[in-house]
1. Could you tell me whether the stretch 71-80 includes any residue that is under 30 Å from Q138 (Cα atoms), part of a loop (DSSP other than H, G, I, E, B) and within 17 Å of the chain's Cα centre (by Cα)?
2. Considering (1) part of a strand (DSSP E or B); (2) among the hydrophobic types (A, V, I, L, M, F, W, C); (3) surrounded by fewer than 18 Cβ atoms within 10 Å (Cβ to Cβ), say which one A48 fails and leave the rest.
3. So in the stretch 170-207, with the set limited to residues that are aromatic (F, W, Y) and in a helix (DSSP H, G or I), which one is surrounded by the most Cβ atoms within 10 Å (Cβ to Cβ)?
4. For the structure I just gave you, tell me whether E146 is buried (at least 19 other Cβ atoms within 10 Å of the Cβ) and either charged (D, E, K, R) or more than 17 Å from L27 (Cβ to Cβ) (or both).
5. Against the conditions (1) within 30 Å of Q204 (Cβ to Cβ); (2) at pLDDT 95 or above, where does R7 fall short? Just the number, please.
6. Would you point out which residue out of T46, T26 is β-branched (V, I, T) and under 30 Å from R134 (Cβ atoms)?
7. Just give me the residues in the stretch 99-143 being of a type in the set (A, V, I, L, M, F, W, C), assigned to a helix (DSSP H, G or I) and crowded, with 16+ Cβ neighbours inside 10 Å, in sequence order.
8. Restricting attention to the stretch 68-89, does a residue exist that is basic (K, R), surrounded by 15 or more Cβ atoms within 10 Å (Cβ to Cβ) and assigned by TED's automatic domain parsing to the domain that holds L193?
Amino acid sequence: MDGEPERSRQGILLVISAPSGTGKSTLINRLRVEFPRLAFSVSYTTRAPRAGELNGREYHFVDSETFNGLRDSGKLAEWAEVHGNFYGTSRPAVQAMLDQGRDVLFDIDVQGSRQLRQAFAQGAFIFLFPPSMRVLEQRLRGRGTETEESLAKRMANARRELEQADFFDYWIVNDDLDRAYQNLRGVYQAEGLRKSCNPGLVEQILAG
């Protein structure tokens, strides 16, 4: 109502992980379309920009010395080396968004999820499952982009990731895309009702 003070809100850290071929990107894109307030953090990387990429939009492009300085000073919430290049997420930048009441979404692997759990006091950690390993293999083959060698590697990685699913708070099986999306959407909305996301609410209501 008019005249009421705006309630403060702490942002949600939403972390989603899944084996390749589970449908994670489709579900995340759908969530971001419905909830445009969901922000992606812009990571640092030591790789060179590709055609069309802008510094500060796709990535913060830095040299190895700068990246190592950020990592060694504890300013990276998570980091990893991929194909000889380093990638990492700024802890202060993400914390600032959360403190401003902005929700931050991470599409990240299991290793990165574990680092984020250590870096931030709270978050919603979601693991997406395929209906079965057989269906996962069918989906990967259906892409038409995998060699037998790369397929075997992806399937082995998937098994290792599934064996670590106990780390996550929420489990969603993508056996039906619409149902999986409603489950993901429900988790996101429920997280916003946590008391930790609404600091000072009791005091504000009592003073009103």
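1. Checking the stretch 71-80: not a single residue is under 30 Å from Q138 (Cα atoms), part of a loop (DSSP other than H, G, I, E, B) and within 17 Å of the chain's Cα centre (by Cα).
2. Here A48 meets the rest and fails (1).
3. Y188
4. When the stated conditions are applied, E146 does not pass them.
5. (2)
6. None of the other options fit; the residue is T26.
7. V110, L116, A119, L136, L140
8. No, every residue in the stretch 68-89 fails to be basic (K, R), surrounded by 15 or more Cβ atoms within 10 Å (Cβ to Cβ) and assigned by TED's automatic domain parsing to the domain that holds L193.
The values are calculated or read from the model by the stated rules, or taken from the named source; none is laboratory data. Remember, it's a predicted structure, so these values are computed and weren't measured experimentally. Methodologically, a virtual Cβ is constructed for each residue, glycine included, from the backbone with ideal geometry; neighbour enumeration extends over all protein chains shown.
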